[in-house]
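Structure record follows, encoded as structure tokens.
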Amino acid sequence: MFFIALTFITAFLIEGLGTLVSVIGLSSLFGSNLIIIALAIALDLGKIVVVSLLYTYWDKLGAVMKAYALAAAMVTMTITSAGAAGYLTGKFQEAILGSQESSVRLSILLDEQKQLMARKQQIDDQIASIPDRYTASQKVRLMNQFKAEQSTITARLATINQELPELKVADLSKQAKAGPIILLAKSFNTTIEEAILWVVMMIIFVFDPLAVFLIIAGNFLVAQRNRENNQNSSINQTEIPTVEALPAINGERKSSKLNYPDRYLYQIF
């Protein structure tokens, strides 16, 4: 009895979580419409009833009813899986999006720093390459032409040097949240989007079908237990055999009916 209860509890837990995830996923597609939410819940409940009906009354149902019930169960499983896929994909994208934004900002800032340093070096090289034939005043005038640009570059580099450490720490923190997916993508030499797709597909192909299987298994265990109880009841209700007539012993006739144990005593003596 404990195993039967555990089977149904597990089935309804998985089915309930699947329904919740599916409802959230479908509601996000249809703008959190209450009618869509109620429809998704009703379809999942109908799926449970249809699966139990098919298992319990398979031999009594007609071919048309069987075909429709199987098709309805498959369609509702597909709807639940689609809703769950939408929810899971959205959550994975949220986790990856923060990491991608941080990485892009860090990359842009590093490229800007590299370009500014290259320009600063270019200005320094130009100033250093002024021919000796120019007078000191001419050199000063040429240097003043680059002074404003140099000041801008120096100020911007100082700002970048302050922002980079904070941005790197934030990038590491966001990558830690999406670390498993990133590692999975690198392990299989694929993109993060493809890795997310494979993970979502594996989850939805196991989640709802497993719940349906456990519901069928629970019905099977209940039917099996009822069969065993009926067999035990039949054995307990079987009448004890009696002996109607026995031959006389030493001129005396025994009782016309003997209980089952007395019959064996009679045969022994």
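The values are calculated or read from the model by the stated rules, or taken from the named source; none is laboratory data. No experiment lies behind these values; they were computed from the predicted model shown. Note that we place each Cβ from the backbone using ideal geometry, even for glycine, and neighbour counts take in every protein chain shown. With ligands, DNA and RNA removed, areas are computed over all heavy atoms of the protein, side chains included. Shrake-Rupley method; radii C 1.70, N 1.55, O 1.52, S 1.80 Å.
Side notes on the structure shown:
- Accessible carbon and sulfur surface of region 9-56 relative to its total accessible area, %, 1.4 Å: 83 percent
- In the context of the full set of protein chains, region 1-41 has a per residue accessible area of 62 Å² (1.4 Å probe).
- Within region 1-81, the trypsin sites (Lys or Arg not before Pro) that combine a DSSP coil assignment with at most 16 other C-beta atoms in a 10 angstrom radius are LYS60.
- Environment charge of LYS47, counting only residues whose C-beta is closer than 10 Å and scoring Lys/Arg +1, Asp/Glu -1: -3
- Virtual spin-label span in nm between THR190 and ARG119, 7 Å along Cα→Cβ: 4.3 nm
- Using the Karplus relation 6.51 cos²θ - 1.76 cosθ + 1.60 with θ = phi - 60°, the per-residue 3J(HN,Hα) values for region 214-223 come to 5, 5, 4, 4, x, 5, 4, 5, 5, 4 Hz, with x marking Gly and Pro.
- Charge tally around GLY83: other residues with Cβ under 11 Å, Lys/Arg +1 each, Asp/Glu -1 each, net -2.
- Net charge of neighbours whose Cβ lies under 12 Å from the Cβ of LYS66, counting Lys and Arg as +1 and Asp and Glu as -1: 0
- Under the Debye formula (equal points on every Cα, no solvent term), log10 I(q)/I(0) of region 56-116 at q = 0.12, 0.20, 0.25 Å⁻¹: -0.57, -0.83, -0.96
- Each residue of region 44-55 was assigned a 3J(HN,Hα) from its phi angle through the Karplus curve 6.51 cos²θ - 1.76 cosθ + 1.60 (θ = phi - 60°); the sequence is 5, 5, x, 4, 4, 5, 5, 5, 5, 5, 4, 5 Hz, with glycine and proline shown as x.
- The phi-based Karplus calculation (6.51 cos²θ - 1.76 cosθ + 1.60; θ = phi - 60°) puts the 3J(HN,Hα) values of region 103-118 at 5, 5, 4, 5, 5, 5, 5, 5, 5, 5, 4, 4, 5, 5, 5, 5 Hz, whole numbers, x for Gly and Pro.
- Reducing region 44-111 and region 199-224 to their Cα centroids gives an inter-centroid distance of 14 Å.
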